[in-house]
Ligand SMILES: Cc1cc2nc3c(=O)[nH]c(=O)nc-3n(C[C@H](O)[C@H](O)[C@H](O)COP(=O)(O)OP(=O)(O)OC[C@H]3O[C@@H](n4cnc5c(N)ncnc54)[C@H](O)[C@@H]3O)c2cc1C
């Protein structure tokens, strides 16, 4: 259904009320539902999900080879052991989430094909009114909720980001975006050009290399990769010793997080050494004759963009075998047969895959309003990347980029449940974050420091995101290692929280 059709629909007749409404049934929303059932069993709640099933990212993406790029011990929930190899396929992640839903009887709370279109807060009633539409029938639906738990992710699921290149319409082959992978795409024996060199490209290239005639990865500039065996030695040893899976999960999580903390610190303390190590490891896989300087030597500091893990070095094996190759250049324009590069070289391809990223989507393309006034999140200031000034009774789960997203989904889960209980104890119906007197002169900055982390979709959409302050409690610091202690220790009676 298009927007005009949705808007012209009659108003819903029936309104259902819940204490909490969760938007989205991805890893964050399913986690939220679990935490509510465990920590706030007296709260009624519903999960509204636009797609036909759970999984979010792991349902949307269906491109060849689709897999996680962080380990599943930390991308998995802290409460459910991960028993497989660390880098998992989308199907394995969905199966794990399916078990969480089944084991905790969460299915009865989730409504699929329910797209939220509007959310309006009324201070008179201390309630959110949520308008949704049944994606399959177009039926308008209305809900009210005391609290909104936004687990709708950070990018638009319906469509990925494809830059406009001159001459695209002239190209006679097929252009495909990994986010909307066509089920009928047969690439057997075809020449394929993949534009981009992020985690998605690094997955698609080796996955397609096996069946296509040749696959070329075209990048404007190189990316850092780490590679290694898709296994965690410590987990293997503990299994051999027949240690219980819950213990293995906890011990391996601690080990991974410890190692990651050391590695992240090193990327700041000695970026040159880390850079040399990362590039040296790739050189060792591709051989001295390969032009690593041109194709695998990024210009930015390690971890300024997400660092992708290449399990078992499959991307480099594909390159070494000659089935895959890398070109570092810029597109001048598309041609009938492929693309013409700025260097004058033409790359011909039967299929072009645009692994060019996402469209940032702030809070699910939902028309938010507070007391009848349309809400622009760009005008708000964030408390820890979770709550926003002027937006009552709402929390957004925005995970980590340098650590697994789910680590934060679990932290936010505990925070929301604690907040709901605290509101009950105080008999408060409304909580809002507000700058304290000591914050009045605080410098307001964009959501994330460009120096710290700067992927393209963030840069394109920064103006849409809430502002941050220059104090950790008024920013999403992307620092799990501090937040894991700070968030649980938050004083909910601090003046930053205003109750009524
Ligand atoms: C290909 C890919 C690989 C990734 N790999 C990793 C990784 O290995 N490790 C890592 O930490 N992170 C990874 N990420 C980031 C990843 O998106 C998150 O880790 C995580 O899956 C996000 O979970 P989520 O539940 O918060 O959001 P999502 O997975 O985005 O799910 C949000 C859900 O909300 C629904 N929704 C959105 N708007 C509405 C609406 N208006 N009404 C109703 N429903 C709505 C969507 O349909 C979707 O199902 C990856 C991202 C991508 C795209």
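Of all residues assigned to segment 372-389, none qualifies as being in contact with a helix residue (DSSP H, G or I) (Cβ under 7 Å, 6 or more places away or on another chain) and assigned by TED's automatic domain parsing to the domain that holds residue 198. Every listed requirement among (1) under 25 Å from the mean Cα position of the chain (by Cα); (2) closer than 28 Å to residue 69 by Cα; (3) more than 16 Å from the ligand (Cβ to nearest atom) is met by residue 174 save one, (1). Just give me the residues in segment 4-18 being away from the ligand (no atom under 15 Å from the Cβ), surrounded by 15 or more Cβ atoms within 10 Å (Cβ to Cβ) and modelled with pLDDT of 95 or more, in sequence order. Of everything in segment 4-18, just one residue is away from the ligand (no atom under 15 Å from the Cβ), surrounded by 15 or more Cβ atoms within 10 Å (Cβ to Cβ) and modelled with pLDDT of 95 or more, namely 16.
Checked against the criterion of being free of Cβ contacts under 8 Å to residues at least 60 places away in the same chain and either in a helix (DSSP H, G or I) or surrounded by fewer than 21 Cβ atoms within 10 Å (Cβ to Cβ) (or both), segment 345-358 has at least one qualifying residue.
The set of residues in segment 366-410 that are in contact with a strand residue (DSSP E or B) (Cβ under 8 Å, 6 or more places away or on another chain), more than 26 Å from residue 422 (Cα to Cα) and near the ligand (Cβ under 9 Å from one of its atoms) contains only 366. If residue 209 meets every condition in (1) farther than 30 Å from residue 115 by Cβ; (2) out of contact with any helix residue (DSSP H, G or I) (no Cβ under 8 Å at 6 or more places or on another chain) apart from one, which number is that one? Condition (2) is where residue 209 drops out. Among the criteria (1) over 30 Å from residue 163 (Cβ atoms); (2) more than 16 Å from the ligand (Cβ to nearest atom), the one residue 228 does not fulfil is (2).
Report yes if residue 438 is without any contact (Cβ under 8 Å) to a residue 60 or more places away in the chain and more than 16 Å from the ligand (Cβ to nearest atom), otherwise no. Against the criterion (without any contact (Cβ under 8 Å) to a residue 60 or more places away in the chain and more than 16 Å from the ligand (Cβ to nearest atom)), residue 438 qualifies.
The values are calculated or read from the model by the stated rules, or taken from the named source; none is laboratory data. Worth saying up front: this structure is predicted, and the values here are computed from it rather than measured. When we count neighbours, we look across all protein chains shown, and the Cβ atoms used for this are built from the backbone with ideal geometry, even at glycine.
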